[in-house]
There are 4 protein chains.
Amino acid sequence: MMEVKPRARLIDYDEKAEEKVATAARLCYSRQGAEELQEQMSREEKEELVRKILDLGHYSTLEHAYFAFHIVCSRVTSHQLVRQRVGVSYSQRSQRYVQEDGFSYIIPPSIKRAGGQVLKEFKEHYQQSQELYDRLLAEDVPPEDARFLLPAIKTNLVVTYNARSLYHFFSLRCCSRAQWEIRGLARQMLKQVREVTAVLFDKAGTDCEVKGECPEGELSCGRLEKIKSDEEED
Amino acid sequence: MMEVKPRARLIDYDEKAEEKVATAARLCYSRQGAEELQEQMSREEKEELVRKILDLGHYSTLEHAYFAFHIVCSRVTSHQLVRQRVGVSYSQRSQRYVQEDGFSYIIPPSIKRAGGQVLKEFKEHYQQSQELYDRLLAEDVPPEDARFLLPAIKTNLVVTYNARSLYHFFSLRCCSRAQWEIRGLARQMLKQVREVTAVLFDKAGTDCEVKGECPEGELSCGRLEKIKSDEEED
Amino acid sequence: MMEVKPRARLIDYDEKAEEKVATAARLCYSRQGAEELQEQMSREEKEELVRKILDLGHYSTLEHAYFAFHIVCSRVTSHQLVRQRVGVSYSQRSQRYVQEDGFSYIIPPSIKRAGGQVLKEFKEHYQQSQELYDRLLAEDVPPEDARFLLPAIKTNLVVTYNARSLYHFFSLRCCSRAQWEIRGLARQMLKQVREVTAVLFDKAGTDCEVKGECPEGELSCGRLEKIKSDEEED
Amino acid sequence: MMEVKPRARLIDYDEKAEEKVATAARLCYSRQGAEELQEQMSREEKEELVRKILDLGHYSTLEHAYFAFHIVCSRVTSHQLVRQRVGVSYSQRSQRYVQEDGFSYIIPPSIKRAGGQVLKEFKEHYQQSQELYDRLLAEDVPPEDARFLLPAIKTNLVVTYNARSLYHFFSLRCCSRAQWEIRGLARQMLKQVREVTAVLFDKAGTDCEVKGECPEGELSCGRLEKIKSDEEED
């Protein structure tokens, strides 16, 4: 039994992501076929066109570019993660077919900060859960039923998003009001897709950063106000 | 803390479900407008048309009819349930915003059958989990973090399906190879939608019952063979 | 052959739309089951809760409420209409199986305004298209091939949206930059759903009206500026 | 004005398609992380695993693999094509923003076979449509309105499918009951994806070829019977 950190790793992506987006956009608005368009645009032209698409909010062409991640997180967070339904595909480690022997788990920061007795009891609880799980399997309880007693443990997923659904994911999950674990994943993911693209994710992130507005209404974290006052000072 | 049974209750449905499906189908294949069509078909004609649609497998018109359920199940099963992405909408009790004090839980049949020490330890584990959860809240750990230690407890959902997505759900989840809890819910749901419709769900269920075939290949439960040999005896 | 106006008629809707949305929202954030919640809320409480959901932008609960329309429009517009993919279902008159004898058609306002020779030629073209279509059918060309020569003629659809996808539709299609025919339909539809609900569509419409912002960037029609200067005058 | 043939060209695909599908599948059913799994499988093992997935019908892992096509077809067929909503993204040449000067078109085989007066009138109709379209533009009718009079002319699309949605597309559209143009495209596409993958599309095609069954009921083309009697002769 081992503590792990939630993490997301970009395992595959579209090397031609921006080219595909630009080609699709140009097809919509020009007389040429896609074949000619692919050849004729320079890298600068492609990036310029992608920038324009982002400015105009014509995000449908972003659906042609794909990014796959290997994600390690708690089952609390995987339950949230899979709620996004459009433009995204999931494969998740099965607890019916895979026995959770020697499972890993994530310790929430608030538990770590509390430390002392709280942290000790939390860890013991995971230890006891593992022991009881093992005992039930030994008594021929099938893994699909023994898992009922397990707390939120580590799970593994492969998740493939298109660039448009990633935009949606980032706008919701990079927000400081999002749950800390999924927010941490979202920020890791945003950093990685930015590293492998030139301009495609220039407008990705929370609405306060990108649009200068906050959709949370009275529940707002106040960050937008801070961003605005910083801008005024500049 | 209380044991509960998984259950699904039809809380709202389209009283005109079959009329809508028939109207949509007739619109596709006739010169008349939808207004005229609604008025002109007798109940018998509508049911006849729905039967024909089901026979021909033209299921897209089934998307116009909606059925809403209140579902009580374990979080193990809700995690599976929400994986169906098309033609279905979910609202689920939040563990971030709602404290799980005095939670209920589901006991898997295999644990009940095992009884004795197994059942006793299982119940004690839930009791201890509740106590530790309460203790952490008392130490100012937020509910969204304290929930990490909780085993699979009861959750509540409102789920709205259209008739086509229900067909998909029933074909996968009524199967004897589906997990017992979700299969139980699926069968309750199939029974209830059949009670409020005349013919719309005549072809719903597992492939072995409905199509006389099994998509599970070498993992088949063998029920299809039984159905076929029973038919031969008749 | 006859000229028709594009039109949308609400043919079926969820009488409990707001109740369902409120119930789903309350289920997410309260300890009670859906059954109790449905009973306990007064109409005022339900409307208040729906207003709050709209303010906070928690639109997922809007997916439980459904609205069905019979739409008459040109095939130019139906081709656009069916591009919305999420939370919406379509049934459309088939040109493979239904012969287009005596078809109707829509005359764009710009053609009408041009009048004179333009309008005359436009109408004659439709007349000639009908005659050639009929001649091909008489020569045993199947309807699915004869339709290739048809201009954009009238088509019929039944379309069912959930309230969330309607919001999306209205935000895109009520915009003055949307094509005139689909914009006309969108405005008819928004008017009708507002008539049968109390508060559910209070925030529906274009971003300039609802959010005081314009997503069209440099292509903006300038209406937002007008709205803002009107507000300042008040 | 020029006659063209409908065509589909694979413009981009996942070179690691089968590896990604195999990795995702193995993640679901093994204790290892995705990183290790990618490295450890030989090409033979990956193909073997993909074959097993196809046999068991566990198609969800196929969603991680993407294939993009440039499609040239009539607007009759593009209207059908865009009706598939799940796991697929479209970008289509706009008739609002791109003027259709010197447009191309597709001549249905039945018109060609008819030949003589039928073919002549069909071609003349397209010629006259082009001339009237040009005349309206000259009279300042905007392209978005002048297009109303156009018959089904050639359009261009970029379409990206995941492998699962391609399976769905092939099962519906390779069928001899599908409209000839979309069937022709589907067969071109199936051929091309088979050329760039080893086993991933082994089970793709119509139900009669792949499953030995026909979903068309009384509308069946009779091909299944032929396949079955051929098999008996072998």
Check: Looking at (1) hydroxyl-bearing (Ser, Thr, Tyr); (2) without any contact (Cβ under 8 Å) to a residue 24 or more places away in the chain; (3) crowded, with 21+ Cβ neighbours inside 10 Å, which is the only condition D:TYR66 fails?
Finding: (2)
Checklist line | Test for A:MET2: is it touching a Lys or Arg at 6+ places or on another chain (Cβ under 9 Å), without any contact (Cβ under 8 Å) to a residue 24 or more places away in the chain and among the hydrophobic types (A, V, I, L, M, F, W, C) | finding: no
Margin query: Looking at segment C:220-234 only, could you name the residues that are within 30 Å of C:PHE67 (Cβ to Cβ) and either touching a Gly at 6+ places or on another chain (Cβ under 6 Å) or assigned to a helix (DSSP H, G or I) (or both)?
Written below: C:ARG223, C:LEU224, C:ILE227
Margin query: Restricting to segment B:50-99, count the residues that are within 20 Å of the chain's Cα centre (by Cα), away from chain C (no Cβ under 11 Å) and not in a helix (DSSP H, G or I).
Written below: 5
Notebook entry, point to check: Regarding D:ARG75, is this residue closer than 15 Å to D:LEU150 by Cα, modelled with pLDDT under 95 and not β-branched (Val, Ile, Thr)?
Noted result: no
Next item on the list: Can you work out which of the residues in segment C:102-116 that are within 14 Å of chain B (Cβ to nearest Cβ) and out of contact with any helix residue (DSSP H, G or I) (no Cβ under 7 Å at 6 or more places or on another chain) is farthest from C:TYR66 (Cα to Cα)?
Entry: C:GLY102
Note to self: Condition (residue is within 17 Å of B:SER165 (Cα to Cα), at pLDDT 90 or above and surrounded by 20 or more Cβ atoms within 10 Å (Cβ to Cβ)) applied to segment B:27-44: is it met by at least one residue?
What the structure shows: no
Next item on the list: Scan segment D:107-119 and report the pairs whose first residue is touching a residue at least 40 places away in the same chain (Cβ under 8 Å) and whose second residue is of a type in the set (A, V, I, L, M, F, W, C) and surrounded by 14 or more Cβ atoms within 10 Å (Cβ to Cβ), with Cβ atoms within less than 7 Å and a gap of 6+ or a chain change.
Entry: D:ILE107/D:PHE122; D:PRO108/C:PHE148; D:PRO109/D:TRP180
Notebook entry, point to check: Given the residues D:ARG187, D:ARG147, which is the only one that is modelled with pLDDT of 95 or more, out of contact with any Leu (no Cβ under 6 Å at 6 or more places or on another chain), within 30 Å of C:LEU137 (Cβ to Cβ) and within 14 Å of chain C (Cβ to nearest Cβ)?
Noted result: D:ARG147
Next item on the list: Sort through B:ARG75, B:ARG51 and tell me the only one that's out of contact with any Phe, Trp or Tyr (no Cβ under 6 Å at 6 or more places or on another chain), in the same structural domain as B:LEU185 (by TED's automatic domain parsing), surrounded by fewer than 18 Cβ atoms within 10 Å (Cβ to Cβ) and touching a residue at least 24 places away in the same chain (Cβ under 8 Å).
Entry: B:ARG51
Checklist line | Count of residues meeting criterion [more than 16 Å from B:ALA146 (Cα to Cα), part of a helix (DSSP H, G or I) and without any contact (Cβ under 8 Å) to a residue 60 or more places away in the chain] in segment A:126-149 | finding: 15
Next item on the list: Among the residues of segment A:117-136, write down those that are surrounded by fewer than 16 Cβ atoms within 10 Å (Cβ to Cβ), more than 9 Å from chain B (Cβ to nearest Cβ) and not charged (D, E, K, R).
Entry: A:LEU119, A:GLN127
Checklist line | Residue among C:CYS214, C:CYS175 that is crowded, with 16+ Cβ neighbours inside 10 Å, under 14 Å from the mean Cα position of the chain (by Cα) and not in a helix (DSSP H, G or I) | finding: C:CYS175
Next item on the list: Within segment D:184-211, track down each residue that is farther than 15 Å from D:ASN162 by Cα and in a helix (DSSP H, G or I).
Entry: D:GLY184, D:LEU185, D:ARG187, D:GLN188, D:LYS191, D:GLU195, D:ASP207, D:CYS208, D:GLU209, D:VAL210
Next item on the list: Please tell me if C:LYS123 is more than 26 Å from the chain's Cα centre (by Cα), among the charged types (D, E, K, R), in a helix (DSSP H, G or I) and more than 21 Å from D:PHE148 (Cβ to Cβ).
Entry: no
Check: Is there any pair linking a residue in segment B:155-170 that is small (Gly, Ala, Ser) to one that is part of a helix (DSSP H, G or I), with Cβ under 6 Å and at least six apart or on different chains, and which?
Finding: B:ALA163/B:LEU62
Notebook entry, point to check: Would it be correct to say that D:THR206 is in the same structural domain as D:HIS64 (by TED's automatic domain parsing), out of contact with any Gly (no Cβ under 6 Å at 6 or more places or on another chain) and at pLDDT 95 or above?
Noted result: no
Item checked: The listed residue being over 30 Å from D:ILE111 (Cβ atoms), without any contact (Cβ under 8 Å) to a residue 60 or more places away in the chain, in contact with a helix residue (DSSP H, G or I) (Cβ under 6 Å, 6 or more places away or on another chain) and not hydrophobic (A, V, I, L, M, F, W, C), out of C:GLY205, C:GLY222 -> C:GLY205
Notebook entry, point to check: How many residues are outside any helix (DSSP H, G or I) and facing chain B (nearest Cβ under 9 Å) if we restrict to segment C:24-49?
Noted result: 4
Checklist line | Condition check for C:TYR97: aromatic (Phe, Trp, Tyr), within 25 Å of D:ALA114 (Cβ to Cβ) and either in the same structural domain as C:ARG173 (by TED's automatic domain parsing) or surrounded by fewer than 15 Cβ atoms within 10 Å (Cβ to Cβ) (or both) | finding: yes
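The values are calculated or read from the model by the stated rules, or taken from the named source; none is laboratory data. No experiment lies behind these values; they were computed from the predicted model shown. Because the Cβ atoms are built from the backbone with ideal geometry, glycine has one as well, and the counts that use them run over all protein chains shown.
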